[in-house]
Every structure is written in structure tokens, then in C-alpha cells.
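These notes are about the structure you will find just below.
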Amino acid sequence: MQSLNLGRKLDLDTWKNFEKMLSHSAVHHLVTIAELLEEHGYARVSDVSRRLEITRGSASITLKRLKERGLVTEDKRRFLGLSESGQQIAHSVQMKKKIMMTLFKDFLGVDATQADQDTCKIEHLISAETADRTARLLRFIESAPPVVKDFIEALEQFEKLSQESHSLHLVDAQIEKKDEPHA
Ligand SMILES: [Zn+2]
């Protein structure tokens with residue numbers, strides 16, 4: 001395993017590839033349709049906008065783009081659905097969300113609200129491969145063989161002893177609106 005090396009540079013082009021990903025908002029629209037279909041058997045634009053707490057107009061614009069990209073369908077009665085690829089993306093994001101929530105909240109002990117927020121940021125950007133590896137690690141931990149129990153005990157002990165001395169003094173990359181020149 002590689003030791004924690006904070007000086008390692010991100011591949012220069014990596015972040016540029018994020019541009020190819022669906023927007024965060026678009027992903028939330030897809031997941032919301034999937035949830036509504038699961039819960040009620042139908043989804044309309046108004047149901048999506050209500051659940052996302054955005055205006056109907058704003059939801060319409062995003063849904064129109066998703067229809068153009070072949071991810072969302074709409075029938076003559078204006079009921080929304082998901083195409084096969086739309087379904088695949090929604091399902092993957094839901095699974096990734098579950099995996100990251102388990103990692104942050106249950107395994108790392110991050111506060112539920114913070115874990116929820118961080119999961120929201122990651123859920124649509126994390127790769128299938130990394131999410132899958134994480135899921136397998138969690139499944140192994142949940143299977144609770146003795147070696148894992150010893151590991152968890154040792155980890156808790158380590159946390160207790162090193163809480164103060166091992167702080168990395170990290171901050172969140174956010175600034176006040178007034179400090180942002182092009183806001
Ligand atoms: Zn999110």
C-alpha cells in the first residue's frame with residue numbers, strides 16, 4: 001500500500017475529463033425519476049421539481065436536455081420514464097451513494113449529515129471500479145472474520161491515541177461569494 005503522500009500531483013488532464021460527466025443536477029434528476037417510479041409507479045415534471053425543491057421551469061430545462069441525450073423518456077400523457085442507459089446511470093449512482101455512505105458513516109464514523117453531504121458530492125463522479133473495490137472491502141469487513149475484529153479494535157485504539165497529534169489541518173475549498181472576482 002502506498003503511504004500517504006500529499007505532494008503527489010493529479011494527472012494534468014484528469015480534472016478536464018470531469019467535463020464529460022453528466023452535471024450533478026442532471027444526475028439528481030435521473031435518480032429522482034428512478035425513486036418516484038419505484039415509490040409511485042409514475043413521475044411527472046411537477047413531481048421531480050417538488051422533490052428536488054426547484055422550480056418547474058428549471059426541472060423542465062434539465063429534463064429536456066436529458067430527453068435529447070436519450071436518457072429520459074416522456075409519453076403522450078407527459079409521464080416521465082428512464083431509457084435503459086438512464087436506468088443504468090440512476091442505479092449506479094444509487095449504489096455508489098449507498099457504498100460511500102457506508103464507508104463514511106458506518107466505517108469511518110463521520111457524522112451522518114456530513115457523510116450525506118460528502119456522499120452527494122462524490123456519488124456521480126466516482127468511477128465504477130473504485131466504488132466496486134470499496135464495496136468489496138466493506139463486504140469483507142461486514143463478514144467479520146476474527147482478523148477484521150482485531151483490526152477494528154486496533155484502529156479504534158489508534159484513533160484514541162492519535163486524535164490530536166495526527167491532525168492534517170485540512171480546510172474545505174470554499175470561499176465567500178464576495179471574494180470571488182467573477183461571481
Ligand atoms: Zn449529489
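The Cβ shell under 14 Å around Leu36 holds other residues with a net charge of -1, Lys and Arg each +1, Asp and Glu each -1.
Each of Arg65, Arg77 was scored by other Cβ atoms within 10 Å of its Cβ. Arranged with the fewest first, they read Arg77, Arg65.
Positive-end ranking of Ile126, Phe140, Gln114 along the dipole of region 88-162, with charges on Cβ about the Cα centre, is headed by Ile126.
Using 0.36 nm times the number of residues separating Asn17 and Lys160, minus their current alpha carbon distance, what extension gain do you get?
47.5 nm
If the segment from Asp75 to Gln114 were pulled out straight at 0.36 nm per residue, it would be longer than the present Cα-Cα gap by 10.2 nm.
Working from the alpha-carbon coordinates of region 21-82, get Rg over Rh, Rh being the Kirkwood radius. Please list the in-between numbers first.
Details: Rg = 10.3 Å, Rh = 11.3 Å.
Here the Rg-to-Rh quotient is 0.91.
Which residue, Leu63, Leu161, Leu71, tops the fluctuation ranking in a GNM of the chain built on C-alpha contacts under 10 Å? Sorting by GNM fluctuation, first place goes to Leu161.
Each residue, Ala173 and Arg136, gets one label point 7 Å from its Cα in the Cβ direction; the gap between the two is 2.9 nm. Ranked by how many other Cβ atoms sit within 10 Å of their own Cβ, fewest first, the residues Phe79, Phe158, Phe18 fall in the order Phe18, Phe158, Phe79. Springs join every pair of Cα atoms under 10 Å in this Gaussian network model of the chain, and among Leu170, Leu36, Leu52 the largest mean-square fluctuation is at Leu170. GNM remark for the chain: springs join alpha carbons under 10 Å apart, and the peak mean-square fluctuation among Ser162, Ser25, Ser85 falls on Ser162. Computed about its Cα centre, the charge dipole of region 21-82 is approximately 320 debye, with only Lys, Arg, Asp and Glu carrying charge at their Cβ. The dipole here belongs to the chain: it is taken about the Cα centre, uses +1 on the Cβ of Lys and Arg and -1 on the Cβ of Asp and Glu, and is about 900 debye.
Computed from backbone phi with θ = phi - 60° and the Karplus coefficients 6.51, -1.76 and 1.60, the 3J(HN,Hα) list for region 129-141 is 5, 5, 5, 5, 4, 5, 4, 5, 4, 5, 5, 5, 4 Hz; x is used for glycine and proline.
Which order results if Lys67, Lys105, Lys160 are arranged by neighbouring Cβ count within 10 Å, fewest first? Could the numbers behind the result be given before it?
Values: Lys67 15, Lys105 18, Lys160 8.
Lowest to highest Cβ neighbour count: Lys160, Lys67, Lys105.
Computed on the Cα atoms alone, the convex hull of region 88-162 gives a volume of 95 cubic angstrom per residue. The ratio of the alpha-carbon radius of gyration of region 20-140 to the globular-protein estimate 2.2 N^0.38 Å is 1.12.
Coordinate-derived values only; no laboratory data. As the structure is a prediction and not an experimental result, all values here were calculated from the model. Glycine gets a Cβ as well: all are built from the backbone with ideal geometry, and neighbour counts include every protein chain shown.
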